[in-house]
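The values are calculated or read from the model by the stated rules, or taken from the named source; none is laboratory data. What you see is a predicted model, and the numbers here were worked out from it, not measured in a lab. Here the Cβ is made from the backbone with ideal geometry for all residues, glycine too, and neighbour counts use every protein chain on show. Note: areas computed on protein heavy atoms with side chains; ligands, DNA, RNA excluded. Shrake-Rupley method; radii C 1.70, N 1.55, O 1.52, S 1.80 Å.
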Amino acid sequence: MNAMPHKIDDTRELHEDSLGESVLRHLIYSVGKDKAHADARDWNVALSLAVRDRMVEGWIDTTRRIYKNKQKRVYYLSMEFMIGRMLEDNLTNLGLLSEAKTFLKSQNLDVTTVINAEQDAALGNGGLGRLAACFMDSMATTGVAGMGYGIRYQHGIFRQAVEDGWQVEEPEDWLFAGNSWEFRRPEVVYEIGFGGHVTHDEDGKATWHPSESVQAVAFDMPIAGWEGDHVNTLRLWSARQSGMMNLDTFNDGDFMAAARQQVLAETISKVLYPGDHTPQGRELRLKQEVFFTSASLHDLLRRFFANYDNLDTLGDHVAVQLNDTHPAIAVPELIRILMDDHGYDFDHALKITRETLHYTNHTLLPEALEKWPRDLFEQILPRHLQIINMIDGAFYREAIEKGLDHHIIAGIQAIHPHQQDWVRMGNLAFIGSRKVNGVSALHTELMKQTVFHDLHTMYPDKIINQTNGVTPRRWLLECNPGLSDLVTEQIGDGWIDDLEQLKEIEPLATDADFQQRYMAVKAANKQRLADMVKTRTGVILNSDAIFDVQIKRIHEYKRQHMNILETIALYNAIKANPDGDWQPRVKIFAGKAAPSYFFAKLIIKLINDVAKVVNNDPDIGDKLKVVFLPNYNVSMAEILIPGADLSEQISTAGFEASGTGNMKFALNGALTIGTLDGANVEMLEHVDAENIFIFGMNADEVAERQHRRARPSEIIKTSPALQQVMTQIGDGTFSDGDTDRYRDFLSNVTEHDYFQVVPDFQSYWDMQRHLDALYGQSEKWAEKTILNTARMGWFSSDRTIRSYADQIWRAPHKTSGP
Ligand SMILES: *Cc1c(COP(=O)(O)O)cnc(C)c1O
């Protein structure tokens, strides 16, 4: 029996055999091993190839359908796609999971071991990259003709190790054993130029003569939606030397010179976020952005020309979404292609561009808004710089017409007309796009008030909100099979692609039997988490404790340091009264720090230092444990999130654009302790104030305090508990007597405290103690937990994608529900 209905005649005879038979065939003929010698990875590869075979017909079928119907296409350009492992995702969406499990068991194989033999595709850094991955899943599920474009990094993001409590970066080698999901497309190659000069002929037509070029080669991964009949493509570009190695040089014995060109070319797709503290590093990053953006635009135009012959209507048939400013070079690049390759005049080229491109903003942090030195730009992209100057000229005329004054215009052009120092990619993306979206209601509002205030006045209809979401397939169905089964048993499985159906379990929130079954699932997930912690760190956890989890990139605005300060204060309180009626707690942290971000690395060290003292203190025992798990990634999140009781979403209000970790936790029944920031604000509206634990200043209060530059030391003086914590960090209590180690940490918190840890500390502490008490009332806790799951349906990325499709892309999709 075949699990998939046949759709294409020419593949009908190809897999009459069962999944198990296909796996055995692949084990022998693709992997080249017999059963007696195959290890977990061999089985993983054989199974993946068997599943991949079954995706291909849906893939070809989807491609034909889109082409035939001339369905509007959506292209999602992103520097990151943090897709994690794909086997379980694909088995699930194709409805093959139970057949695969039965087969593996029949071969005496452990299912988890085989599934975990796949390396995470670590092609992302944080929420932005995971969002792109959730969107790929949801575009396929909702039937959007969507294609992702990014870079096939050979090493992705670094692998984090912890040595003596400090973060150490090691190269990630995820492609070492190959990638079972990808198809190399050697025929899909584009030359990407850099440097050189520009000439103009007598009609003024420009020609760019790059001085160097590399090739972008396509690698495709099929992305199947729920139930597998719509299969989109993730196309990642790999860099390759243009032209062949110089054989004469090689034969003359200068092997290094012969290899040099190849190494330089391939550097472009080596790593995600190479260090940018050197000029070479900055140049490399700019080249990476140009590389994948230019290749993607050429590729989508080639596809456009298969259906149409006139680029005037590009925006009617194609929508491009720029995930942050990394692909913002698309604005001048598309104009350049239209003008220099297709003969459009500038005004017309700008008009078409502004009908086609859309830009998602992910941050208001000024230091995170990308800008490039004008000189570097001129050297690498001389033609693009000319075009940016034309865009700025056209923009200037529009702005004057709309009555803006010169100073304001200068501040919002791509290049400041007098300073001429930077190319500001946020302004460029805004000016060149049809719609600009924020990623939560609060963030979008703040965009209008701050970074894009003046641009918003000029184009009041351009900014639009699209609150982020997460895919329920990976973030409930796959990562939490116990809860999925329980829910499905009650309300059927319609929730999987219509998550708002979870509302139907609301009446069960106070049902004693359901509470007990829900909490039994939670207990099993906590045990799975505890087993992982034991394997990875040796720390043994008490699974009756509150599992309190903060997992995300380490950054001051996310305030892991506020959490560890509260941990120390709790440690002190327990020690002062060891026989008190303490609610046991486990504090779990995970996350990577940017390699050059010293303060974030110091926070990791402090967490590990505190863990060493607390975990080995006999007065404390099971009442408090602190764990830092190295190398946070998608697969680790899939274990941590279902096992959490409490989700830490404690960013300084106004700084977390949306967050998506917050959504995954609440969906899986963790209660949130958080600030009124990002999507927490909307979670509050959906789950209701009694079921989410909000503390601290709101964004207006934070901004007001930052403006006043209020001194944290005044507040510390009034808090003996916080004072004691600061003293201990300074006197070496957690650093073997080293009084120097945390000097920078202390001055950051006590003198500047830009992210307002000190003023929020007391309300954070109070809320934690309130949660201790609540956890003791297990029925009440269970009720709130269930209500979180029941009311988080709106946060499905299917809802987000339908909204993008309707309000931004004007692209067709399947509607939700039966
Ligand atoms: C969801 C997710 C993130 C984003 O987490 P935030 O808490 O929203 O910052 C980062 N990394 C991984 C691996 C994730 O799964």
With just the Cα atoms defining each centre, how far is the stretch 739-818 from the stretch 680-695? Give it in Å. 9
At R0 = 45 Å, FRET efficiency that the Cβ-Cβ distance of A206 and D252 yields, to 0.05: 0.70
Overall Cα dimensions of the chain - principal axes, largest extent first, Å: 89, 70, 62
What aspartates and glutamates sit close enough to K351 to cross-link, taking a C-alpha to C-alpha distance under 12 Å and skipping anything fewer than 8 places away on the same chain? D312
If you take the Cα atoms of the stretch 231-323, find Rg, then find the Kirkwood Rh from the mean of 1/r over all pairs, what is Rg/Rh? 1.11
Whenever you get a sec, line up D252, D34, D498 from highest to lowest accessible area (probe 1.4 Å, protein heavy atoms). D252, D34, D498
Quick check: convex hull of the Cα atoms in the stretch 120-183, volume per residue, rounded to a whole Å³? 108
Expressed per residue, the solvent accessible area of the chain in Å² (1.4 Å probe) is about 38
Could you state the principal axis extents of the C-alpha atoms in the stretch 612-683, from the largest down, to the nearest angstrom? 43, 26, 22
Heavy-atom accessible area of H406 with all protein chains present, probe 1.4 Å, nearest 10 Å²? 110
What one gets for the stretch 566-608 as the Kirkwood radius, inverse of mean 1/r over different Cα pairs in Å, is 12.5
Over the chain, with every protein chain in place, what whole percent of the accessible area is carbon and sulfur at 1.4 Å, could you tell me? 50
So for the chain, averaging the separation of alpha carbon pairs under 8 Å that are six or more residues apart and normalising by length, what relative contact order in percent results? 13
So what are the three principal axis dimensions of the stretch 296-428 from its Cα atoms, in whole Å, longest to shortest? 45, 31, 27
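Accessible area, 1.4 Å probe, largest first: how do Y29, Y67 sort?
Y29, Y67
Going down the list K534/K558; K526/K780; K601/K664; K522/K623; K587/K780; K612/K780, which pairs span over 30 Å between their C-alpha atoms?
Beyond 30 Å: K612/K780.
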When the Cα centres of the stretch 50-89 and the stretch 370-444 are compared, how far apart do they sit, in Å? 34
Where a ≥ b ≥ c are the square roots of the eigenvalues of the C-alpha gyration tensor, would you call the stretch 359-404 rounded, which needs a/c under 1.5, or, failing that, prolate if a/b is larger than b/c, or oblate? oblate
Given the protein chains as shown and a 1.4 Å probe, how many square angstrom of H418 are accessible, to the nearest 10? 150
Rg and Dmax [Cα atoms of the stretch 418-545; Å; Rg one decimal, Dmax integer]: 23.1, 71
Cα shape, the stretch 192-267, gyration tensor, a/c 1.5 rule: oblate
Mind checking the dipole of the chain: about its Cα centre, +1 per Lys or Arg Cβ, -1 per Asp or Glu Cβ, Debye to the nearest 20? 160
Please list, short to long, the whole-number percent of alpha-carbon pairs of the stretch 502-661 in consecutive 10 angstrom bins beginning at zero. 10, 36, 34, 17, 3, 0
Please give the FRET efficiency for L365 paired with D544, using the beta carbon to beta carbon distance and R0 = 60 Å, rounded to the nearest 0.05. 0.90
Whole number please: convex hull volume per residue of the Cα set in the stretch 670-797, in Å³? 147
What size of dipole, in debye to the nearest 20, comes out for the stretch 745-818 about its Cα centre when the only charges are +1 on Lys and Arg C-beta atoms and -1 on Asp and Glu C-beta atoms? 620
Solvent-accessible surface (1.4 angstrom probe) belonging to T233, in square angstrom, nearest 10: 20
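If the only charges are +1 at each Lys and Arg Cβ and -1 at each Asp and Glu Cβ, what is the size of the charge dipole of the stretch 617-736 around the Cα centre, to the nearest 20 debye?
About 380 debye.
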With unit charges on the beta carbons (Lys and Arg positive, Asp and Glu negative) and the dipole taken about the Cα centre of the chain, which residue among Y518, A721, A657 sits farthest to the positive side? A657
A correct Stokes-Einstein calculation for the stretch 764-818, using the alpha-carbon Kirkwood radius, 37 °C and 0.692 mPa s, returns a whole-number D in µm² s⁻¹ of 229
Segment A259-I28, extension gain: residue separation times 0.36 nm, minus the distance between their alpha carbons: 79.5 nm
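Using a 1.4 angstrom probe with every protein chain in place, what is the largest-first accessible-area order of E648, E187, E504?
E187, E504, E648
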For the stretch 452-494, with +1 on Lys and Arg beta carbons and -1 on Asp and Glu, the positive-most of H456, L476, G492 along the dipole: H456
What whole-number volume per residue, in cubic angstrom, does the convex hull of the C-alpha atoms of the stretch 87-150 give? 100
